[in-house]
1. Classify region C:22-169 from the C-alpha gyration tensor, please: rounded if a/c falls under 1.5, else prolate or oblate depending on whether a/b exceeds b/c.
2. Can you list the distances in nanometres, one decimal and ascending, from the C:Ser39 label point to the identical position in each other copy, with the point 7 Å along Cα to Cβ?
3. Please list, ordered by chain and number, the residues whose modelled amide H lies under 5 Å from the amide H of B:Val118; skip anything fewer than 5 residues away on the same chain.
4. Quickly work out the B:Asp18-to-A:Leu73 label distance, labels modelled 7 Å from Cα along the C-beta direction, and quote it in nm with one decimal.
5. Could you give each residue of region B:68-80 its phi-based ³J(HN,Hα) in whole Hz, using Karplus coefficients 6.51, -1.76, 1.60 with θ = phi - 60°, and x for Gly or Pro?
6. Beyond 26 Å between alpha-carbons counts as too far, so tell me which of B:Lys102/B:Lys159; A:Lys186/B:Lys137; A:Lys22/C:Lys159; A:Lys69/C:Lys137; B:Lys159/C:Lys102; A:Lys23/A:Lys69 fall in that bin.
7. What is the log10 of I(q)/I(0) for region C:90-176, computed with the Debye formula using one identical point scatterer on each Cα and no solvent, at q = 0.18, 0.21 Å⁻¹?
8. So which lysines can B:Lys36 reach, going by Cα to Cα under 29 Å and dropping same-chain residues fewer than 8 places off?
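Laboratory data are not the source of any read-out in this text; all were calculated from the coordinates shown. Since the structure is predicted, the reported quantities are computational estimates derived from the model, not experimental observations. So basically every Cβ, Gly included, is an ideal-geometry build from the backbone, and we count neighbours across all protein chains shown.
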Amino acid sequence: MTTKVQLELFEGPLDLLLHLIKKNEVSITDIPIAIITEQYLATLELMQSLNLDVAGEFIVMAATLMHIKSRMLLPPGDDEEDEEEGDDPREELMRQLLEYQRFKEAAEELERREILKRDVFARSPQPPDESGTVGFEEVSLFDLLSALRRVLDRLPKEDVHEVILERISLREKMQGLLDELHQKGKVVFQLFFESASSRLEVVVTFLAMLELVRIRAIRVTQGERVGPILLELAAPLEEVQNRVAGEKIEGEEHGT
Amino acid sequence: MERERLKSLLESLLFVADAPVSVNQLVEVLEGVDRKEISEGLRELQSEYEAGGRGFRLVEVAGGFQMRTPKEHADWIKRLYQGRPARMSRPTLETLAIIAYKQPITRGEIEAIRGVDVDGVLSTLLERRLIRIVARKDVPGRPYLYGTTSEFLETFNLKDLTHLPTLKEMAEMTLAQPAENEPRQESNDD
Amino acid sequence: MERERLKSLLESLLFVADAPVSVNQLVEVLEGVDRKEISEGLRELQSEYEAGGRGFRLVEVAGGFQMRTPKEHADWIKRLYQGRPARMSRPTLETLAIIAYKQPITRGEIEAIRGVDVDGVLSTLLERRLIRIVARKDVPGRPYLYGTTSEFLETFNLKDLTHLPTLKEMAEMTLAQPAENEPRQESNDD
């Protein structure tokens, strides 16, 4: 995962390059690569000296520029490895810059339009009268996911950002839950979340639980309407373990 | 400020407001305009709407002014809403999400996850054919097991259930989301 | 129906709607009224609002008609407005522009054009309902394909996608390209 660029001035390496090209009053189709590379690297250095996080993409571009520069120094025809790239080593970069510039301009055009809630206003949505409506408005998968997320969000929150996703495997968690249920018999639902060390673990625990319910390895019960929710094994440990082992889990990591 | 311009501004302000606007609020927003002028402007708009047979009136309500449609138009307005699909509510979507991922699932299991009663929501979803009863669970009470329908797949543009986002993608998306701070939590699990 | 009465009704309907209203919807609601009459009524309201210096205009947007305040009143309205005013950052706008013109498009394809990671921006856009997931691409990994929504059209005051400003041609490009080495053209390039 890349760190965010803190320097708001440039949105990315292409943005920075366009800025340098404009500043030097040169053409995208004929970039003086030595000068631009030098200025690009100087800018990165400046960013670093100001203690700004320089995103990985900026560094990758620096390497690309230096590579192009070195290839420009070779006499034409001497360069076998990159022959399929065409004659001018700057070509791919040129194409990228032109395309990026097109969309940068398109974005500026969009910004000049009358934007709703910035320049013009419609009436605020009134609470709808749901009676007699026909069907539902379009909902997207994202809405569905957001809904699931909200369910998860109500569970205890911890900071997740530093946890690497792959560390906790769903299958491991499922086995762990089964072991715990085997040892303790009936366990109160919430108890499983108390030991979680991060929000991610909560998510994984929750999903493991749902998965176990789905394959009927565990049972969820509730004595009274408002009573605690209890979990228990739906069958002897060995049997449910086999059931878990035989189950293909959607989204499971391979080879980890 | 010139009277016509003031009235046009007042109209804009009343138009966008989602609650009655008090004269005090208007005085604050229209810095430099006299309270008396504002009141007069409002009165004029009021009688213009009435006399001009416009599609709204300016009514004084709850300590402020609000634009409202005339009573005689109520039947037509209802028809506008009736002909239109409603936005799916949060409880509905959440319940649907749980069913989609965990089907077949009983009402009790859904409630265990959502922490609230889902009776009404289930009937809405059944009515809209997004879910169906697939079987009965072989446990005491033999509760219904719910699953999604082909209308569900169509709604979400899915070829089949295996095309639902996977656990990993879901985690990515949920992690990428800034947690929205819901002021009103309907859950009772904490 | 008498013209003035029709216009008054149209005004009511447009006033209460929380999204642009299409002529089709109006035809349905106003049973028995001619489509032509409805269109004429709308046009008349449109010019009356403009000429009469009213606090709103009738604009054609996202496949329908919607009442909106004139741009000159924005500053005053913002002072009263409770909702979050739209803020469009450069990354948001650039990403949105790429999606608007190249839809359906995957995250990877967007990143290839912008040269930076767009994870956070995509979530923001999804959350604001300016874009949506339209399908999955049939390539390894089955990445999501993103497209714009009708909220996008509403936000940017567009009748439909064909009304997007024309993209500048990559004119300079062709000059510099050797004939046998065509720039990699995306399928939906025009």
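1. prolate
2. Here the equivalent label points are 4.9 nm apart from this one.
3. Residues meeting the criterion, in which the H sits 1.01 Å from N, do not exist here.
4. 6.3
5. Karplus values, whole Hz, x for Gly and Pro: 9, 6, x, 4, 4, 8, 3, 4, 5, 4, 4, 5, 5.
6. The answer is A:Lys22/C:Lys159; A:Lys69/C:Lys137.
7. -0.81, -1.04
8. B:Lys7, C:Lys71, C:Lys78
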